[in-house]
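Every number here is computed from the coordinates shown, using simple stated rules; none is lab data. Every value quoted in this text rests on a predicted model; they were computed, and no experiment measured them. Here the Cβ positions follow ideal geometry from the backbone for every residue, glycine too, while neighbour counts run over all protein chains shown.
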Amino acid sequence: MPLFSETVSATILEPLPFVEWQQRPAWPAVSLANTDPVEDLAPHVGRLRLIVLNFPKFSDGRAYSQARLLRGRLGYTGELRATGGVLQDQLPFMLRCGFDSFESDQKGFEEALAKARTLFSVVYQPAEDDRATASLLRLSRRNVHPAV
Amino acid sequence: MPDTHFYRYDDYDRTLVGERVEQFRDQVRRRIAGELTEEQFKPLRLTNGLYLQLHAYMLRIAIPYGTLSSRQLRKLADIARKYDRGYGHFTTRQNLQLNWIKLEDAPDALAALAEVDMHAMQTSGNCIRNVTADHYAGAAIDEIEDPRIWCEIVRQWSTLHPEFSFLPRKFKIAITGSPNDRAAVRVHDIGLRLWANEAGDVGFEVIVGGGLGRTPMIGKTLREFLPRDELLAYLEATLRVYNRYGRRDNLYKARIKILVHEIGAEKMREEVEAEYAAIKDGALKLPVETIEAIARQFAPPALPHRAAVVAEVEGLKLEDRDFALWLKSNVAPHRMAGYRIVTASLKPAGAPPGDASAVQMEGVADIADAYSQGEIRVSHEQNLVLPHVAVEDLPAVWRALGRLGFAEANVGKITDIIACPGLDYCALANARSIPVAQRISNHFAGLARQHDIGDLKIKISGCINACGHHHVGHIGILGVDKNGVELYQLSLGGDVDFGKTAIGAILGPAVTADKVVEAVDAMVHTYLDNRGDGERFVDTYRRIGAQPFKERVYAAV
């Protein structure tokens, strides 16, 4: 499947399925099923360069939670790749959850990725993209103009 | 036009809703151009409120916490006229459904909605749905705190939530701020009940895993008392546990109630509390300024002093029996002396429950402007509510509603029936609901008789998905299909009142459509023959049990 990435280069390392990787945890690339416990990667996130998360169907959203835990809780900073049922209309959600590369068959995916971050200029909830929420922006505006 | 006394969009809200409309416009274009398959398009249209029904697309418009301004209601009338057949259907989730929308018109209809700060986001799909509340919020005499403040906070947090837009199944949250629960919080995925503890602090009881549908369940209390500023962290923790561990192998076992049931409330609590502990001091903690800024927008209107006892009202009560009955059933106490909460019954005898024409919507908007601070509520019982009516104005409001056909004195009575759209519209239904409701309504049309029968909630669903809440009807009616014949299963004893919430028990074999009225009539007679002093239908049933009802019903049908 074609690979798309926001950054200059996605890693070419072959990710190992989680069970195999557990035998060779020094290998820097792993692919998780959406039922694999991301918490188990905690001691290794500093070394990992690629984590692939699977969407068996685009409608199965478990990997969104895995992504947020990897980024937000475990502090993983390497490449986070979505594969499987990956469609351009999910991009705004995936980007907010911390994914930065995508395998997709869908036509027009590259163009969609280029503008996915601009579709919504307002966000309501904190996520893994560190965007300021509407609520925070309101708060700072009130502090600047307390009368408003 | 009066100011609204509930949340007003600012530029952030307007920008987001506008951008969402444009995103959907592009998705519709791609669907029509064949770039998206129906399978790919379906979740996109669903999270914008667009269903494909039996005859046409249906647009489900969100009415957050059931609160509308007169301006918004007029716009809904406008949209119904321009893009539909001039009427709409208010639902049991405080939404409005338009049943005849064209796909190519949907983006324009959504853009028109956005003009009055409304949207149809997340009224469908496996995401967090429009949050519902007590329809008397902000006016109720028994209210501890206006639940809509919290509904709005939850609305913003849940809108386009990047992690929770592809949950195992839909997710419904309801909030009540009164001890008398009018929001059915024990039968929601999450129910939140505001209450004050002994120290006088207000917090939430968090109830998880209730629901109706195929497997009705009463929710379990995960937290007795949650500080208000920790609400979003607790919700996010609960949703994360559900998103990760909720079943996805079987559509009918995918709701959070099944997860809670299978792992047990204790284990569920452990999981949620562990996740919550990890995030509770993070970015979701609500600053007091944020809560206060939203709370200020729900500040009650400054209602001028009005007389608590009015000679004209007392006189009319004696002269006109219909007015007297209407005062009893359709008018509720208000937190301020001299005011009342008025329910406009969308259940005139023989009409489809919850339907309103564009003309009727505009009429209600006019009445709200003249007599209710320009404010209207939608109740989950499919009626419209005028929350701030002066006692002095009751005769005028009664007459005006009467001209619209909305002054039937039947709120809470046997003809105030909840019914889903059923097989007349819905692609999921097994049987018709509306004609059954209409037949019962015609049979019991006499007001004196209805008031003699007293409080009796009939709820009708056209399939096991239970949109008509039949499980919690004092009398529940469920349409089923048996070899191509529509049959109706009857149940008794359901209840949504807080502390008494119960799932009704099936009475016996299902009956044919033409026997439903006889069956209900037999139940009513059983009650009338057996009732004790001040006993409601459901109280008598609880005291004497199903057997007398059963015998009489099956002798009659």
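A few points about this structure:
- Here the mean projected area of the convex hull built on the C-alpha positions of the range A:3-120 is 6.9 nm².
- Comparing Cα centroids, the range B:459-475 and the range B:191-267 end up 22 angstrom apart.
- Two-decimal Rg/Rh across the protein assembly as shown, once Rg and the Kirkwood Rh are taken from alpha-carbon atoms: 0.98
- Dimensions of the range B:405-557 based on its C-alpha atoms, expressed as ranges along the principal axes with the largest first, amount to 45, 38, 32 Å.
- The ellipsoid that matches the Cα gyration tensor of chain B has semi-axes, each √(5λ) in whole angstrom, of 33, 29, 26, with the longest given first.
- In degrees, nearest ten, helix A:134-144 long axis to first principal axis of chain A (Cα): 40
- At q = 0.21, 0.22 Å⁻¹ the log10 of I(q)/I(0) for the range B:11-115 amounts to -1.20, -1.30, computed by Debye summation with a single uniform scatterer per C-alpha, solvent ignored.
- Neighbours of residue B:184, meaning other residues whose beta-carbon lies under 13 angstrom from its beta-carbon, give a summed charge of +2 when Lys and Arg score +1 and Asp and Glu score -1.
- Comparing A:50, A:69, A:80 in a Gaussian network model of chain A (Cα springs below 10 Å), the most mobile by mean-square fluctuation is A:69.
- Violating pairs (Cα-Cα greater than 24 angstrom) within the set B:102/B:172; B:102/B:482; B:42/B:102; A:115/B:280: B:102/B:172; B:102/B:482; A:115/B:280
- For the pair the range A:103-148 / the range A:24-54, the C-alpha centres are spaced 28 Å from each other.
- Here's how it looks for residue A:55: its modeled amide H is under 5 Å from those of A:83, A:84, A:85, which are all 5 or more places away or on a different chain.
- Rg then Dmax, both in Å and based on the Cα atoms of the range A:86-146: 14.6, 51.
- Residue A:5 sits among other residues whose Cβ lies under 15 Å from its own Cβ, and their net charge, with Lys and Arg +1 and Asp and Glu -1, is -3.
- A cut-off of 5 Å between modelled amide H atoms, ignoring neighbours fewer than 5 places along the same chain, links residue B:247 with B:259.
- Karplus-derived HN-Hα couplings along the range B:482-487 (A = 6.51, B = -1.76, C = 1.60, θ = phi - 60°), whole Hz, x at Gly and Pro: 10, 6, x, 9, 7, 10
- Ratio Rg/Rh, restricted to the range B:74-114 and using Cα atoms, in which Rh is the Kirkwood radius: 0.94
- Per-peptide average of other Cβ atoms within 10 Å, ordering B:101-107, B:263-269 highest first: B:101-107, B:263-269
- MRE, 222 nm, helices only [DSSP H, n ≥ 4, -39500 (n - 2.57), over the protein assembly as shown, to nearest 500]: -10500 deg cm²/dmol
- Placed amide H near residue B:119: partners under 5 Å, 5+ positions off or other chain: B:62
- Signed unit charges on C-beta, dipole axis of the range B:456-530, positive-most listed residue B:465, B:475, B:520: B:465
- Inter-chain Cβ neighbour average for residues A:129-139, partner chain, 10 Å: 4
- Only Cα pairs under 8 Å and 6+ residues apart enter the sum, and on that basis the relative contact order of chain A stands at 22 percent.
- J(HN,Hα) series, the range B:142-148, from Karplus relation 6.51 cos²θ - 1.76 cosθ + 1.60, nearest Hz, glycine and proline x: 9, 7, 8, 7, 5, x, 5
- Average beta carbon contacts from partner chains per residue of A:57-70, 10 Å cutoff: 6
- Between the range B:478-508 and the range B:1-58, the Cα center-to-center distance that results, in Å: 35
- Put in order of Cβ neighbour count within 10 Å, fewest first, the listed residues B:225, A:4 become B:225, A:4.
- Share, in percent, of DSSP beta bridges within the range B:140-296 that are antiparallel, nearest 5: 75
- Using θ = phi - 60° in the Karplus curve 6.51 cos²θ - 1.76 cosθ + 1.60, the 3J(HN,Hα) couplings for the range A:110-122 round to 4, 5, 5, 5, 4, 10, 4, 6, 9, 4, 10, 8, 10 Hz; x is entered for Gly and Pro.
- Rg/Rh ratio calculated on Cα atoms of the range B:181-253 (Kirkwood radius): 1.03
- For the protein assembly as shown, cysteines whose Cβ has no other cysteine Cβ within reach (under 4.7 Å): A:97, B:127, B:151, B:426, B:463
- Computed on the Cα atoms alone, the convex hull of the range B:347-411 gives a volume of 83 cubic angstrom per residue.
- In angstrom, the C-alpha Rg and Dmax of the range A:50-109 are 10.7, 34.
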